Each structure stands twice: as structure tokens, then as C-alpha cells.
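Worksheet for the structure shown next.
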């Protein structure tokens, strides 16, 4: 599956890009995170939540093919 | 004792004056209120607190000769 | 920063939005502040028995009121870690829609300002001898009572 | 008055005191309002390891953030009897002393605005994907985290 992945805040300091398309074999968020961890070796040290189609999800959530975002700790206000 | 008495808000509608000097025989706030009730027959219908020297007092408080104020319900803000 | 002598909290007439905006502006030099909380009391055009409130005419036992505002201010600085606090209250006529009370607290952190502002506003309503004559559009009136 | 479509809550750069003053002014035609409560977040010049924060650079996952602001707004109108609610958040650079968050609630009665404002500000801090890069005076940086 091809998934659009967006990066924000300090995650961009690891990926050096704000958005890319990732090819995933497997059907869960955890499979995508596995691909990202092998691609970016600094990513495991970072604290982030994952949104799929703008809703927070867990590693066990199924990939539905819509936009994924890696969100570091919120700092609004 | 001669006491300066100030009136505020709706109390002024009963007394028709904002300030006057009242001659009191007796030494407590209750004695002053007795004089005022005989002078203004509508006063007993009014809800008010009494301040002596800018502090709220009760009917049992002693008159010390300083300024008295009749304060109807507060409506600040 | 607390101070000893009661200030005059009262302003003649309504408190303007320009005055409030300017007061906010003046705090931008205080860079230890992280959170401001502002309460504004606005005169409501309440309808009572078919008559509409057009304005409130405020009077006060001014010396005692300023002393009470001062006591509230001192107590709030004692209880809460505040950087600044400002209170302004109208005297005289304030029309429906206009602002009659402006309370402004600032602190490094937000939790403090929420608690402090509510404490201060409730104390003002309960303890300060201010009186309000609600003037209806037909010029009749009734006396406002805080609850 | 709730509405269905998410608005854009974000403003480029700091929120000015004039904008806030003007927003207050516009509410003076709404004569059912008795109480306004305003929260302002201001960027602090925190000192960390001898370095001073000069500014915060805000970014956001904008679509999701606007949806979250919208959800918070709907939930607040559901829970509290509010007449109006406005939220503005900065994107881009906001210098120390400048305002980055402006939340404004209004209601006929005061108890409601205190509860509603705190609810909204806490929800914004917890749920909205906004990110803040604290830029020190020497141009180094660290990432801000809400607590």
C-alpha cells in the first residue's frame, strides 16, 4: 500500500522532509512505523502520536490508505 | 452622641438626603437604628447592612462616634 | 507587586474597549507573563415586566469601596502567584452593552489566573459597596441586587 | 451560536492588542451578554541554562487542528450556555511578550464564562496539534511541550 505520511515539529529534524509517500507491506499502523524506523534511525528516540485521517490512532489500528501524520508533543497556546 | 450617617442607593429614596447628623441616646448601633426607624417610617421595609468607620457591624456593636453608613444590597460589576 | 495605599478603582462612565486594548498592550513588556485572564462585566438590556433596561446608574460608598478593592487585591496577591492585577469599576451611567467592570490578572502560568480571577470577581460582587439603579427605557427604575 | 463548518482559527504572527480591543468593541451590540471572559497566552522570555527565549515559532497540522478547534467549540456550546465564543491562535513567529492565543467567551451570566473558558483552554492545550519551537537569543532552539 502507498501511504502519504506527514511530519511535524521536531520529527522533521529527523526526516528532513515534511511529507513523503511510503510503501508499506502489512495492514496496520505498526507495519508503517516499522518501515519508518528502519528508514530513520533517530525516530525511535522521538516522542510522537500518530494520526490517520486526522484522528489519533494506536499501533494496532488498521491502515485504511488515508493520510498519516506523526505528531510530536503538542505546544499550543 | 452626634453621629454622621450616610445613605446610599435605594435608602436615599426613603431619607431624601445622602448624609445627616443624628443625635442618639444610647451606646449601640441598635439605638441609632431605633432613632432612624422613628424618623423614617419606610426604613423598616428596606434591606440594608450597616457600616461603622467603613466596616460592617451588627446591631449589638458599640457606637464609637465615627461615620455610619446604611448600605442596601451590593450590585457591583 | 502589591502596594499599601488604596488606589481609586472607579472611572466615570463606561470602560472603553480602547482602554482595555491599551491595558493589554502595556503588559507586552512584562516578558515573565505567560497567561492573562480578563473578566468584563457588561450591562444587560434585561426585559422585566415588558420594560427593557437601558442603562445602570452606579453609585458607591467610595472610600469604603476603594478600601475593600484594596483588601481583595492584597488577599489575591497573598493567595496566588500573580505578576499583575488591575481592577476598574464604573460610576455614573453605563448604557446597555457597555462595560462596567474590568478585572485583569497576569501570571507566568495559566492555572493561577483562572483561580485568581474567579476569586477576585466573586469577592467584588460580595464585599464592595457599589449600588446600581437599573433605568428602564421609560425612565422608571429598579434597584439591582447581586446574587 | 454554533456552526457546522470548521473555521480557520490561525492567524499569521502575533495577535495584536488592537485586534483584541476591537473584538471586545464588536460585542457591545449584543445586549443579552452580562459577562465576558478572555484568556490570552503570551510568549514568556524563559531563561533555560543561561539562554533566554526570544520567540516561539508555531507550526500546526492545520486541517486537523482546525477540526479539533471546531470540536472543542461545539462541545463547549453543548456544555455551557454561551452567547459567543472566539478562538484565535498564532502561526509563525511570535516574540516574547507578544500574544499567541486569544480565547473569548461571553454569556448572560458570569459563573458560566469562568467554567467554559477554563474548559476550552485546557482542551486546546491537550488536543490541538500545534507545535512550538522556542528560539533563543543566540538562534539555537528547543521544542516546547505543554504540561
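Bear in mind these aren't lab numbers, they're just calculated from the coordinates by the rules spelled out. Worth saying up front: this structure is predicted, and the values here are computed from it rather than measured. FYI the Cβ positions are ideal-geometry reconstructions off the backbone, even for glycines, and counts take in every protein chain you see.
Brief remarks on what is shown
- Computed on region A:2-71, with alpha-carbon pairs under 8 angstrom and 6+ residues apart, the relative contact order is 41 percent.
- Dmax and Rg, reported as Rg then Dmax, of region B:36-77 (C-alpha, Å): 11.5, 34
- Its alpha carbons considered, region D:82-129 gives a radius of gyration followed by a Dmax of 12.4, 36 Å.
- Only Cα pairs under 8 Å and 6+ residues apart enter the sum, and on that basis the relative contact order of region C:10-144 stands at 38 percent.
- Over the protein assembly as shown, the alpha carbon radius of gyration divided by the compact-protein estimate 2.2 N^0.38 Å works out to 1.25.
- Helix A:29-39 and the longest principal axis of the C-alpha atoms of chain A enclose an angle of approximately 60°.
- Distances between equivalent label points of residue C:32 across the copies, with each point positioned 7 Å along Cα→Cβ, amount to 4.4 nm, shortest listed first.
- Diffusion constant of chain B at 37 °C, which comes from Stokes-Einstein with the Kirkwood Cα-pair radius and 0.692 mPa s, µm²/s: 263
- Normalised Debye scattering of chain C at q = 0.08, 0.12, 0.13, 0.15 Å⁻¹ gives log10 I(q)/I(0) of -0.24, -0.52, -0.60, -0.78, counting only Cα atoms as equal scatterers and leaving out solvent.
- Chain B residue with Cβ closest to the axis mapping B onto A, distance in whole Å: B:77, 14
- A straight line joining the Cα centroids of region D:26-40 and region C:91-132 runs 13 Å.
- Distance from the alpha carbon centroid of region A:1-35 to that of region B:22-60 works out to 79 angstrom.
- Inter-copy label distances at residue B:13 (7 Å, Cα→Cβ; nm, one decimal): 6.8
- Largest first and in whole Å, the equivalent-ellipsoid semi-axes of region C:23-65 read 35, 18, 8, each the square root of five times a Cα gyration tensor eigenvalue.
- Cβ-to-Cβ counts within 10 Å put D:49, D:18 in ascending order as D:49, D:18, the fewest first.
- Structure-based [θ]222 nm, chain D - -39500 (n - 2.57) summed over DSSP H runs of at least 4, per residue, nearest 500: -10500 deg cm²/dmol
- Residue and distance (whole Å) for the chain C Cβ nearest the axis that superposes C on D: C:21, 1
- For residue A:62, inter-copy label distances in nm, listed shortest first [label point 7 Å out on the Cα-Cβ vector]: 8.6
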